[in-house]
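The values are calculated or read from the model by the stated rules, or taken from the named source; none is laboratory data. It should be emphasised that the depicted structure is a prediction, and the values quoted were computed from it without experimental measurement. Note: ideal-geometry Cβ built from the backbone for every residue, glycine included; neighbour counts use all protein chains shown. Surface accessibility is based on the protein's heavy atoms, side chains included, excluding ligands, DNA and RNA. Shrake-Rupley method; radii C 1.70, N 1.55, O 1.52, S 1.80 Å.
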Amino acid sequence: MTPVEEAHSNIPHLREVVVFLVAAGIVLPIMQRLRINPILGYLTVGAAIGPFGLGLLVPEFPWLRYAVIADIEGVRALAELGVIFLLFMIGLELSFDRLWRMKRLVFGLGGAQVALCGLAIGGLAWAWGNDPASSILLGACLALSSTAIVMQLLIDRRQLGAPVGRASFAILLFQDLAVVPILFLLGVLGGEAEGGMTVFLAVALAKAVGAVAVILLLGRLVVRPVFRLVSAAHSRELFMAVTLLAVVGTAAATGAAGLSMALGAFLAGLLLAETEYRHQIEVDLEPFKGLLLGLFFMSVGMGIDLRAVGDQLGWVLLAVAGLVVLKSVITIGLALAFGLPRATAVETGLLLAQGGEFAFLVVGIATTLEVMPGDLAQFILIVVGLTMMATPPGAVLARRAGSWLAGREASKPGNGGLEELAETQGHVIIAGYGRVGGLLGEILDQEQIPSVSLDLDAEAVARHCKAGAPVYYGDATRPEILRRAGAERALALVLTMDSSEAASRAARAARRHWPDLQVYARARDAAHARILLEAGADLAIPENLEVSLQMAEEVLQGLGVTSEAARQTIAVRRAEEVHGRGAAAGRKAGE
């Protein structure tokens, strides 16, 4: 036994880890240099270094075994942690309040998508000659899409807070919830339901509800005190250990109850999102999530048997195209029925057209229980893997189609495309999408805060829509436009338009119709700022004054004035310029 083989026998999956790190550190940067999507890169590399890629050449070239990952199941088990961390990070960006506001999309649109896609796919499978049990399982598992791939694409493109991101996430979240009844169905078809179907269902649902209730209750009571105690120790290692325990522990709890492990991680993220430790956790876990998710994508690529694809090329391509077209058409139709505009509906339908990672689990268990024939299972796994590989380039097509449709809608002044905002809540309305408004919109998107921008330049609106920005044609000085933009449900209104008079009218309209709405305004100078404050703005910032004050603060600190003293001096001067010297003096005396 060689030293490498001896080390591999002592440390499980050591060779696989080394091969993965080599691929991640050398091959993938080359693909990024060639502007190949990272997800597609991982999938392609996985297919190349898997047992059905270079692994087929090992008998002729034994030295290739050091560059091949043969143990797919072992790697796939480790790779599932990537999906768990992804859902945890998504939960960390949300809150229970924001999630509740999405209930119509989650349970309405998501439930309808799973039901109709499942019925259509299962019906076609049965009509094609498959037995009823296999047809039911195929419909159930192929109705689900890939949470890992779609959510990562939305995050990379900063679309999670956009309408297409909210719609896609709502559907994917319901699909994760649907894992429970699908696994129950698999157990019934496999003959595991002892004591009757009703008893089995009742026990499964009771365990699921109990697990979620315990997680939420303990999380509310324990999470914050534990993290406060750990942070007081000032140990990064201890903080990291407790964070990993929270993620993996909740995932294991839901997995033991028959729920999706990813759903448990998502619940843990929601709980920690309400604590003051959210941002530190996010920074610490980002590298783990990225690497493990990459390993997951590689494991998907490894499972594609290229020989089987070649032997049944026509049928495989027909099945791939059929699945993509069927799911796209159903999802687009449902999205339109739920009031989403054409651009959002089309992009969402194309994004969710692939099979999901859950199909690997269902088909594998079904084969073990002899519910599904082995040749059919292998065919379905190949089809699912190929649809997942086609998702990154398909997402580019979806983005272009959605942008084209959005640009057409945005160029119609009488419409503006504002219909899709009927369900939008907890967002920021930006009036004027120029230099300042565009920068603010990008920052809000980066922080996963949804925003809606209004502008009167039809050409500029169409151009921004094609780039994927949530910009609509509309006059923010008109209350009915602000109402259609969701002013009564918005967190704030930010006025960045060039026209001084328009900004004043918009502030006045917002204050009259929505007294509790926070209004922030960009002013040309101090005099304009005072006008905006009188019109109802909560804060008005003169752009030329602010540049001067920032420069003055830096100069004072450079000359030896302490940072606190410089900030206080500038704050007083800012108040003097905007509110008047009397108000500033009164404020200073009060301090």
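Assorted remarks:
- Considering residues of region 476-500 that are at pLDDT below 85 and closer than 20 Å to ARG524 by Cα only, the residue surrounded by the fewest Cβ atoms within 10 Å (Cβ to Cβ): ASP498
- Listed by first and then second residue, the pairs linking a residue in region 128-152 that is touching a residue at least 40 places away in the same chain (Cβ under 8 Å) to a residue that is open to solvent by 30 Å² or more (accessible area, probe 1.4 Å) and part of a loop (DSSP other than H, G, I, E, B), with Cβ atoms under 9 Å apart and 6 or more places separating them unless they lie on different chains, are ASN130/PRO373; SER134/PRO373; LEU138/ASN130; LEU144/GLU357; SER146/GLU357; THR147/GLU357; ALA148/GLU357; ILE149/GLU357.
- No other residue among PHE360, PHE379 is more than 24 Å from LEU86 (Cα to Cα), out of contact with any Ser or Thr (no Cβ under 6 Å at 6 or more places or on another chain) and part of a helix (DSSP H, G or I) apart from PHE379.
- Of all residues in region 343-372 being modelled with pLDDT of 85 or more and open to solvent by 20 Å² or more (accessible area, probe 1.4 Å), the one that is farthest from ALA395 (Cα to Cα): VAL346
- Criterion applied to LEU285, LEU292, LEU272 was being in contact with a Lys or Arg (Cβ under 7 Å, 6 or more places away or on another chain) and either open to solvent by less than 20 Å² (accessible area, probe 1.4 Å) or part of a helix (DSSP H, G or I) (or both), and the one residue passing it is LEU272.
- Just one of the numbered conditions (1) more than 22 Å from PRO38 (Cα to Cα); (2) surrounded by fewer than 15 Cβ atoms within 10 Å (Cβ to Cβ) is not true of PHE266: (2).
- Qualifying helices (runs of 4 or more DSSP H) (wholly inside region 33-115; at least 2 residues being closer than 19 Å to ILE149 by Cα and in contact with a Ser or Thr (Cβ under 6 Å, 6 or more places away or on another chain)): 72-92
- Some residue of region 231-252 being of a type outside the set (A, V, I, L, M), under 22 Å from VAL214 (Cα atoms) and crowded, with 18+ Cβ neighbours inside 10 Å: yes
- Unique residue being touching a Pro at 6+ places or on another chain (Cβ under 9 Å) and either part of a helix (DSSP H, G or I) or closer than 24 Å to GLU543 by Cβ (or both) when the list is ALA460, ALA476, ALA503, ALA527: ALA527
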